[in-house]
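The values are calculated or read from the model by the stated rules, or taken from the named source; none is laboratory data. This one's a predicted model, so the numbers in the text were calculated from it and none came from an experiment. In this analysis, Cβ positions are derived from the backbone assuming ideal geometry, glycine residues included, and neighbour counts consider all displayed protein chains. We work out accessible area using only protein heavy atoms, side chains counted, and drop any ligands, DNA or RNA first. Shrake-Rupley method; radii C 1.70, N 1.55, O 1.52, S 1.80 Å.
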Amino acid sequence: MFMACSATSSSEREGIINIRPDTDETPVRVLEGYSEAHEQQLRDMAARGPALFDDLARSICPSVYGCEPVKKAVLLMLMGGVHKSTKEGIKLRGDINVAIIGDPSSAKSQLLKYVAGFLPRAVYTSGKASTAAGLTASVVKEPENNEFAIEAGALMLADNGICCIDEFDKMELSDQVAIHEAMEQQTISISKAGIQATLNARTSILAAANPMHGRYDKSKPLKQNINLPPAILSRFDLLHVMLDELTEEEDGRIAAHIVALHKDPSATIAKAPFSMEQLQRYIKYARAIKPRITPAAQTTLVRSFKRLRGDDAAPGSHSAYRITVRQLEALVRLSEAMARVYLSPTVTSEHVAEVRILKLSATCTLLTCLCFDTLQATSAVTS
């Protein structure tokens, strides 16, 4: 018997377009559900060319000032990669996991709340108040008939959606270990009280955490600033560090944005290039595209992985953890998500953009992030 403690139908949350339907849809099928005006909107958005990626990113959580590279990471997570399966039945995940490590008051929780309200099947939880059973699943005895039943946790409830975990660093180590299987294999195995089951947890994870000593110490490497084991870190496709740096000019801009937001929230949010509804329609159509990797992109991916491994093995390397084949699979997923951003049916070398850029430990301030610099410098990929 299976018992869910809470479940939300995709059609219950009015005004939200489900970008992740239960069954795969073709681009033609998605367009059939759009009006002519919406189709024209989609064409106009796609016609923006190279500026499209920046415009889409700025449209995510417009109430938060700056942080564009982090918003780009969230955008790629929403786009996702392509799910694959082999003839032997081995499934390769296409969902992208993102972690945000940031100083206090850097809008991490606000980004998580925005994503949790972006699609119907999204769950927001706090690591401090969550246990392993609360995140995965637990076996409980029903008082009516004294039979055991499985009660779903946050990751199961977010199946085919996104699970947002705040205060990720406050979780106990034993609770973090419990989500290893869900993050990589996207399943949850239960063997309790005579019940043996393997349940789906096909979800992307967006986690936010604070540095160990309150604020990030730039004089120390990443692994000495965060209280997360390498086994967890290696399962995140993207890892961003947000720094609250003191600059008079930026402080003035941030303060002006916050005051304007309190004065007239609607007008401030309306300055975003696209509304949430337009963004949802675009992402739903983009996710229907299944981009295929071209031979040139395949060569670039292999070269990128070799460079990542070489940099990691170099003397004086400050990598947070060893570069493994998980990072190669992350490059593939991110490249597929980038192709979907531009509605491309193929993944090219430009989409790959030598995703070693991400380095899964990039540093960004409230306005400027460095982790996507080489994503835009595509000419360096083929050199």
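Here are a few things to note about the model shown:
- Cross-link table K220/K306; K113/K271; K72/K113; K141/K192; K108/K290, entries beyond 23 Å C-alpha to C-alpha: K220/K306; K108/K290
- Note on the range 263-313 and the range 219-241: Cα centroid distance 22 Å, given to the nearest whole angstrom.
- Ranked by how many other beta carbons lie within 10 Å on average, peptides 289-301, 264-276, 151-163 from highest: 151-163, 289-301, 264-276
- Once the Cα-Cα distance is subtracted from the 0.36 nm per residue extended length, the A197 to R215 segment shows a gain of 2.3 nm.
- Ranked from largest to smallest solvent-accessible area, with a 1.4 Å probe on the protein heavy atoms, T247, T23 come out as T23, T247.
- 1.4 Å probe accessible area per residue over the range 161-246, in Å²: 41 Å²
- Gained length - T346 relative to E147, 0.36 nm times residue gap less alpha-carbon distance: 66.5 nm
- If you take the Cα centroid of the range 153-185 and the Cα centroid of the range 109-135, the two points sit 9 Å apart.
- Sulfur and carbon atoms: percent of accessible area, the range 97-223 [1.4 Å]: 49 percent
- Placing a label point 7 Å from the Cα of S174 along the Cα-to-Cβ direction, the residues of the range 121-154 with a backbone N closer than 18 Å are 127-140.
- Residue separation of A133 and T26 scaled by 0.36 nm, minus their Cα-Cα distance, works out to 34.9 nm of gained length.
- Residue-normalised accessible area of the range 52-147, expressed per residue, 1.4 Å probe, Å²: 37 Å²
- With R₀ fixed at 45 Å, the C-beta to C-beta distance from K84 to S266 puts the FRET efficiency at about 0.60.
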